Number of protein chains: 2
Amino acid sequence: MSESSEMPIRENEPKVGAEKTTEQKVNQKAKKVEKKKDKPVGKSEAKQPTGKAGKQGKKNDSALISITVDKAGDFPEWYQQVLLKGDMLDYYDISGCYILKPASQYIWDTIHTWFDAKIKKMGVKNCSFPLFVSEDVLNKEKSHIEGFAAEVAWVTHGGSTKLEKKIAIRPTSETVMYPYYAKWIQSYLDLPLKLNQWNSVVRWEFKHPQPFLRTREFHWQEGHTAHLTKEEADTEVLEILGHYAGVYEQLLAVPVMKGRKTDKERFAGGLYTTTVEGYIPATGRGIQGGTSHCLGQNFSKMFGITVQDPKATTDEEKKQPLYVWQNSWGLSTRVIGVMVMIHGDDRGLVLPPKVSEIQVIIVPVGIKASTTEEDRTKLYKEIEGLVEVLRAGDVRVEADFREGYSPGYKFNDWELKGVPLRLEFGPMDSEKHQVTTSRRDLPAGPESKGTIAITELNTEVPQLLETIQKDMYDRADKKFKEHVVKITNWDDFVPELNQKNVCLIPHCLTEECEDQVKDLSARKAEEQSGVPQDEKAPSMGAKSLCIPFEQPDGIEKGVTACTNPKCSRKAEAWCLFGRSY
Amino acid sequence: MSESSEMPIRENEPKVGAEKTTEQKVNQKAKKVEKKKDKPVGKSEAKQPTGKAGKQGKKNDSALISITVDKAGDFPEWYQQVLLKGDMLDYYDISGCYILKPASQYIWDTIHTWFDAKIKKMGVKNCSFPLFVSEDVLNKEKSHIEGFAAEVAWVTHGGSTKLEKKIAIRPTSETVMYPYYAKWIQSYLDLPLKLNQWNSVVRWEFKHPQPFLRTREFHWQEGHTAHLTKEEADTEVLEILGHYAGVYEQLLAVPVMKGRKTDKERFAGGLYTTTVEGYIPATGRGIQGGTSHCLGQNFSKMFGITVQDPKATTDEEKKQPLYVWQNSWGLSTRVIGVMVMIHGDDRGLVLPPKVSEIQVIIVPVGIKASTTEEDRTKLYKEIEGLVEVLRAGDVRVEADFREGYSPGYKFNDWELKGVPLRLEFGPMDSEKHQVTTSRRDLPAGPESKGTIAITELNTEVPQLLETIQKDMYDRADKKFKEHVVKITNWDDFVPELNQKNVCLIPHCLTEECEDQVKDLSARKAEEQSGVPQDEKAPSMGAKSLCIPFEQPDGIEKGVTACTNPKCSRKAEAWCLFGRSY
């Protein structure tokens, strides 16, 4: 499967060189810290989150650990900082490869568990095919391999021995798996065959890498199924797409638009591709969220996956092989990047409660120099009681008893990491039998604050977490909807893109026309912005994101013209175009 | 980590050439089947399990799908057939790589879930480090890389572009992860750091590959932890080893012996290695089951992973870096191979109920040509009711309603696949309000049979599954214990090995002496058997398997001699020696 069948070089982002600089910076930081180690380490400086704090040293100053740029001001730098300082990921000494730290691994594991249960109910079983694929097999399906050839990583040596034949690392597993489907599927009674694997694949791209969004190795699930009829295959394609939408909407609080890819954008070698498309408000760009492909009979013909038609009656009919209908579908760790880009803010990550390893952090407050040891112990014991109550209700809660850190430092630290709900508890709260609440998803201020009576904790906290989850989705959904504009006049196209919108236009759906639209919108942007290549005013052309399943009215077949002024064809459907990742 | 720090070429097994022949056979089968496809496929021949049946064609004869050799007679061939016909695995067109089919993937996923819960309780978190490691980093720890260098797979090209520097595929992740441990661990407050990953690693061995036991890519978990003190590290090493024993004993019904590896056999670059050792009765060989290593401070010194000693008081003490204590531990899909070898029989796989995807299969019986459609429908409905009852009690049950197959064929098919319990249900059973039971773990015969009243089904079936699980373990445990022999006279050593035993001997634990023991026992075997290289009388020398934690009495330190007649040292401990995988 393709993560994204075509990804342009994004001109409004730092180039490979620029990123290398960031990686070097990170490495330099590490080295500086290394050198500092011989110096005495005081209690109060210990356990600084990595990043600037590590670089700048000892001061227990909460400002130092914060994101140093605005999300709106320098989005690429913000994205890198929020991932590093939010403890989601670290850079690696091989470009395009990243380390998933426990916070992001937890999110992926949660998605794994949720989605795995869904597909098991559909009769899908997990399996593991090898990481390697021989050159012959890889090259078997021609149009498919053309989509991947440039980015295949090749193993040529085992130890110091040169291999007789070089071996590829799978960029996706169609050609790895389908020779065995041909072997295993001997009769229509062997259908449907529904297999899935959770693994990682490698695409050695030389384009600018970006954590989660474009990485040389990435984790995903890839489902590969074979069916007797096109109808069955079609049904499954949509069912899977529904679950992909579920991952975004129900777990990650991210709205997506379901649709079909145009011929230009569909999976190499497949019949048609369906997709869930997301939208990043900060850049106004669309992003492919996950794709569910109907491969048709193309691969079954290449690999000879046939059965006898159970409806065949005459000998002649029985001799005709029935090529099975196949699907493949994949969802990758890219989802995490999309979620971070949509919900994060200037204070750091904002995680939806459903995927946050820590949902609630309790921070002791109001402890002063004058507080007696006895009073402090009493307060801590009460907090441990709160933890127990919440855990009994399946809330993932931790208490931050770290010594030598001010509550302010702790607040910043957990906000950076995106913990959805903070509970503050001090002597005053204890007296009033309450906790003070602070929601991460709302801007700092009175609106984000509240109190909950301790007796209500076990019901109110889970309720509040659900509210946070829902509000995060609703806000993102509102923003997405505001930025999808329906236009029919080409002159509005580029100005709308420049307003960070994605555009629904009547379109002929031909590849030739799409290329023109991309071309025209790219040049147009340059002319208009006057500052080509500037990160803040992208000159990138728009490509088609999807043909939404939910089609607005207004297109009269054979009458309505394609929106592209250079195209003389008639419009086939409303098609969503946008700058994209 | 090492799967097995030293694995000799096994002389009593088919060589690479021999296995290739098997793979070719499999491929030939596939091709033959391929050709047959144009012919009409009748109802009754459909869905034949792969293997001989597929080769030999149409006959619906249960004998055809069976294993064609005895486990005792031709163990290597038996092992391959039982995996292929039992639907656990398929061969792949790259030597040393295998496909894990759903039945074996289910077992691995079950182990994953169980073990993951155990380590999470210990505070271990999951993460993902890249598949790739740069040459510089890989070579950083010298004695470690010496253990792996010969079998590292190297990527040299991305697409058609030659990479500036070749990149290794991880054979294990110590050198991948520890540079980041150095960066992340800044203070003793960052300790312990406990990370784990579920992934696959690649060791491009040129020795004879064997499904699950020695594969070029294998799936495993690898835990990597860092601690302030050796005591903490020591404690964790044993706790993990206990969980590894749990995987074998509680899930796979396989007994293991816990112990420590000798210096010769310990992990390359580590301080000491603990192990759970299994025993394969059919061959009389030991097998390393999983290893938990204390790495000591070796890697922390190489990678500069230090903190300040929290006990330091003087400036001088504070300047002394404290190198952290590290562990690493790994358990791989090898466990599945061990389980198959121990429990399987001449009829095929025998799966312990706890890891079998299907625990109970219900087969309709007693349906004749004279049975009315109405009676058949009634019987099937009753069976669906049984399925419902059992599923409500969390029993993983399926009913086999396949048409055109005799009950006998179905019995054989499910026996081949190792389903622990078969329920037969026919008109007679229906009248008596009972089901007939047949246990897979007992030899075919009256002892394996029974009946359960339908009213008792929801309690009796889970109970019977537990009994099966326990009995499987107890039988294997008895056999293991019978074949561990305690000897002090060297003359008994090789004869005991030839009796398929493993030997506990007083030993000096030096590497030099171990080499001699191996050498002596290899030659001795040849002399004795008269048939060197024969598969049934292995001439392989014995190596040390472990120094069992549970030491028998009888060694007087400084007095008891080492058992090796050529060794003049005194015995340090009872050490388990055996031929091994």
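The values are calculated or read from the model by the stated rules, or taken from the named source; none is laboratory data. Bear in mind that the values here come from a model prediction, so they are computed numbers and not experimental data. Neighbour counts run over all protein chains shown; Cβ positions are idealised from the backbone, glycine included. When the accessible area is computed, the model is the full protein with side chains, heavy atoms only, and any ligands, DNA or RNA have been set aside. Shrake-Rupley method; radii C 1.70, N 1.55, O 1.52, S 1.80 Å.
When the Cα positions of B:446, A:379, A:452 are compared along the charge dipole of the protein assembly as shown, B:446 comes out farthest toward the positive end, with charges on each C-beta of Lys, Arg, Asp and Glu. Using a 1.4 Å probe over protein heavy atoms, the accessible area lost on pairing B with A, summed over both chains, comes to approximately 6500 Å². For the range B:150-308, the Kirkwood radius over C-alpha pairs fed into Stokes-Einstein at 20 °C and 1.002 mPa s yields D = 120 µm² per second. Accessible area ranking (1.4 Å probe, heavy atoms, ligands and nucleic acids excluded), largest first, for A:95, A:568, B:521: A:568, A:95, B:521.
Distance from the alpha carbon centroid of the range B:415-434 to that of the range A:422-501 works out to 57 angstrom. What number, in nm² with one decimal, is the all-direction average of the projected area of the convex hull of the alpha-carbon atoms of the range A:314-393? Convex hull of Cα atoms, orientation-averaged projection: 12.0 nm². Extents of the range A:103-151, taken as max minus min of Cα coordinates on every principal axis and listed largest first, are 36, 30, 19 Å. Computed from Cα atoms, the angle from the helix B:457-482 axis to the main principal axis of chain B rounds to 50 degrees. A simple count of charges around residue B:123, restricted to other residues whose Cβ falls under 14 Å of its Cβ and scoring Lys, Arg +1 and Asp, Glu -1, yields -2.
Taking other residues whose beta carbon is less than 13 angstrom from the beta carbon of residue B:368, and scoring Lys, Arg as +1 and Asp, Glu as -1, yields -1. Extent along the principal axes, Cα only, for the range A:154-231: 46, 35, 17 Å, with the longest axis given first.
Using the rule -39500 (n - 2.57) for each DSSP H run of four or more residues, divided by the residues of chain A, the 222 nm mean residue ellipticity is -11000 deg cm²/dmol. As I understand it, the value is the acute angle between the Cα axis of helix A:407-416 and the longest principal axis of the Cα atoms of chain A; what does it come to in degrees, rounded to 10? Between helix and principal axis, roughly 0 degrees. Using a 1.4 angstrom probe on heavy atoms only, work out the carbon and sulfur share of the accessible area of the protein assembly as shown in %. Result for the protein assembly as shown: 50 percent of the exposed heavy-atom area is carbon or sulfur. The Cα trace of the range B:279-328 gives Rg and Dmax of 19.3, 63 Å, the first to one decimal, the second as a whole number. Taking one equal scatterer on every alpha-carbon of the range A:347-468, how large is log10 of I(q)/I(0) by Debye at q = 0.12, 0.16 1/Å? Debye output, listed in q order: -0.40, -0.72. Projected onto its three principal axes, the C-alpha set of the protein assembly as shown covers 93, 90, 64 Å, listed from the longest axis down.
With angles folded into 0 to 90 degrees, how steeply does helix A:102-121 sit against the dominant principal axis of chain A? Use alpha carbons for both and round to 10. Approximately 40 degrees, to the nearest ten. A Cβ-based charge dipole, computed about the Cα centre of the protein assembly as shown with Lys and Arg at +1 and Asp and Glu at -1, lands at about 1800 debye. Each copy carries residue B:369; placing its label point 7 Å along the C-beta direction from Cα gives inter-copy distances of 10.3 nm, listed from smallest up.
Largest first, how would A:518, B:570, B:101 line up by accessible area (1.4 Å probe)?
B:570, A:518, B:101
Among the listed pairs B:258/B:486; B:118/B:183; A:85/B:183; B:354/B:470; A:410/A:449, those whose Cα-Cα separation exceeds 20 Å are B:118/B:183.
Close amide-amide hydrogen proximity is noted between residue B:295 and B:271, B:326, B:327, B:328, each under 5 Å apart and 5 or more residues distant or on a separate chain (H modeled in the peptide plane; Pro and chain starts excluded).
Given a 1.4 Å probe and the protein chains as shown, residue A:303 ends up with an accessible area of around 20 Å². If you plug the beta carbon distance of residue B:489 and residue B:207 into 1/(1 + (r/R0)^6) with R0 = 30 Å, you get a FRET efficiency near 0.35.
For the pair residue B:282 and residue B:371, the difference between a 0.36 nm per residue extended length and the Cα-Cα distance amounts to 27.5 nm. For the range A:108-221, the pair-distance distribution built from all alpha carbon pairs, in bins 10 Å wide starting at 0, is 12, 35, 35, 16, 2 percent. Put a plus charge on the Cβ of each Lys and Arg, a minus charge on the Cβ of each Asp and Glu, and nothing anywhere else: the dipole of the range B:197-338 about its Cα centre is then about 640 debye. The charge dipole of chain A, taken about the Cα centre with unit charges on the Cβ atoms of Lys, Arg (+1) and Asp, Glu (-1), comes to about 1440 debye, rounded to the nearest 20. One equal scatterer on each Cα of chain A, no solvent, Debye formula: the resulting log10 I(q)/I(0) at q = 0.08 Å⁻¹ is -0.64. Entry note, chain B: relative contact order of 15 percent, from Cα contacts under 8 Å with a spacing of 6+ residues.
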